[in-house]
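What follows is calculated from the coordinates using simple rules that are stated; it is not laboratory data. Note that the structure is predicted; figures quoted are calculated from it, not measured. All Cβ positions, even for glycine, are placed from backbone atoms using ideal geometry, and neighbour counts span all protein chains on display.
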Amino acid sequence: MIHTETKADYSTNTNKMSVITPEIQSLIDPVVSGLKRHQIVGDKVIALAICHLLMKVISAARWTNPYDLINIIRKVGTILNTGYPKKIISGNIVRRVLALIRDEIETENNDNTPMMSSMFSLLSTNSTGNQKVQYNQSKKQSSDFRSIIIQGIRDLEDEIANVNEGIETMSVDLIHDNEILLTPTPTSETVLQFLIKARAKRKFTVLVTESFPNDINTSHKFVKKLAENKIETILIPDSTVYAVMSRVGKVIIGSSAVFANGGCLSNSGVTHVVECAKEHRTPVFALAGLYKLSPLYPFNGDDLIEVGNSGKVLNYDDFKLIENVEIVTNPLDDYISPEHIDIYITNVGGFAPSFIYRIVLDNYKTEDNNLE
């Protein structure tokens, strides 16, 4: 006998089953704490950490209906976002997993709905909400459903772990011999591997900005790694970008998040570089793995920017100068508008900023854009 839940039954069941239990909370707290304290750093590391967390939550959670699981995952996403709202990637991974769950529900419904019933349902006046709650529990045991979703997350982990490989393959086609490149994002491992891969078949010069005040040491290490791979590399002060831009063939930047409108978040100081590039009509390529694409729109760019230690901009020992300055800020990120980027290079191909929304629609469900 096939059992279906009524809307009232489902609402009652959801309240009981989709709460965050102390067991699940104990899994979430260390991750939120690690993000806040910058103990979990690096875009790829953060993405993989969220994948591990969601697998543990799905294994530990008690649910009898897939929509209960959706509500639990949404609440986990809300807690992560509240704990560290500046980190877009954690929300991306939560939404990707929610899309996996919804796709599996849709697949099961399609497989178990007779053709005649499907034809009559086209004429039905039932709302979408009523159709969602009438999920047949006998179609698949929860343990089978659980294992399918966990396997889907493992596949997502593989995609994230191997994201650079898909991007690197395009490097030889985009970089030419004897070209001068400029990158203002020495913190990006993707940019580093992209350039190293291109060096296998191309000879070129890379200009690397010093990235004052937050990433000076990182930029020195970045230059050293490029030199070790026989790439001619020059470290330049940030103030000289405009002067050298006329000689630059391409600007290559890394990004920490790409939004549905085609804009992105990148290192502090990148806005200055891409504006110089636009003035000189130098193409700007942004590298980003698919997991960095977000369905969100940056309605207020300032809310996305994380602020760091202002003492790096103006040392507290210079107290005489500080007395004459109203405010000293040290933004760690810049929002780059889509008109300053020519093409995004991802592990699934290259796309214009105006096409990013389409890639987002293929990987996310619009009902999960707002997790609250």
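In whole percent, what relative contact order does segment 164-368 give with Cα contacts below 8 Å and a gap of six or more residues?
Contact order relative to length: 22 percent.
List Phe194, Phe355 from most exposed to least, where exposure is judged by having the fewest other Cβ atoms within 10 Å.
Ranking Phe194, Phe355 by Cβ neighbours within 10 Å, fewest first, gives Phe355, Phe194.
List Cys276, Cys264 from most exposed to least, where exposure is judged by having the fewest other Cβ atoms within 10 Å.
Cys276, Cys264
Among [x] 37; [y] 49; [z] 44, find the value of percent of Cα pairs over 29 Å apart that was calculated from the structure presented, and write down its label.
Checked against the structure: label [y].
Going by average Cβ density within 10 Å per residue, which order do the peptides 347-353, 256-262 take, highest to lowest?
Packing order, densest peptide first, comes out as 256-262, 347-353.
Using the per-residue mean of other Cβ atoms lying within 10 Å as a proxy for protection, in what order, highest first, do the peptides 53-63, 359-369 fall? Walk me through the intermediate numbers first.
Values: 53-63: 18.7, 359-369: 15.8.
By packing density, highest mean first, the sequence is 53-63, 359-369.
For the chain, set up a Gaussian network in which alpha carbons nearer than 10 Å are linked by springs, and say which option among Asp317, Asp302, Asp144 fluctuates the most.
Comparing Asp317, Asp302, Asp144 in the GNM, the peak value goes to Asp317.
Segment 201-246: which trypsin sites (Lys or Arg not before Pro) are DSSP loop and have at most 12 other beta-carbon atoms within 10 angstrom? Don't jump to the answer; show the numbers that get you there.
On the way: sites: Lys201, Arg202, Lys203, Lys221, Lys224, Lys225, Lys230; in loops: Lys201, Arg202, Lys203, Lys230.
Answer by residue number: Lys201, Lys230.
Can you tell me the 0 to 90 degree angle between the C-alpha axis of helix 142-161 and the longest principal axis of the chain, rounded to 10?
Between helix and principal axis, roughly 10 degrees.
Determine the distance separating the Cα centre of segment 219-290 from the Cα centre of segment 141-158; give it in Å without decimals.
Taking the Cα centre of each part, segment 219-290 and segment 141-158 sit 38 Å apart.
So how tilted is helix 43-60 from the main axis of the chain? Cα-based, degrees 0 to 90, rounded to 10.
Long axis of 43-60 versus the principal axis of the chain: about 20 degrees.
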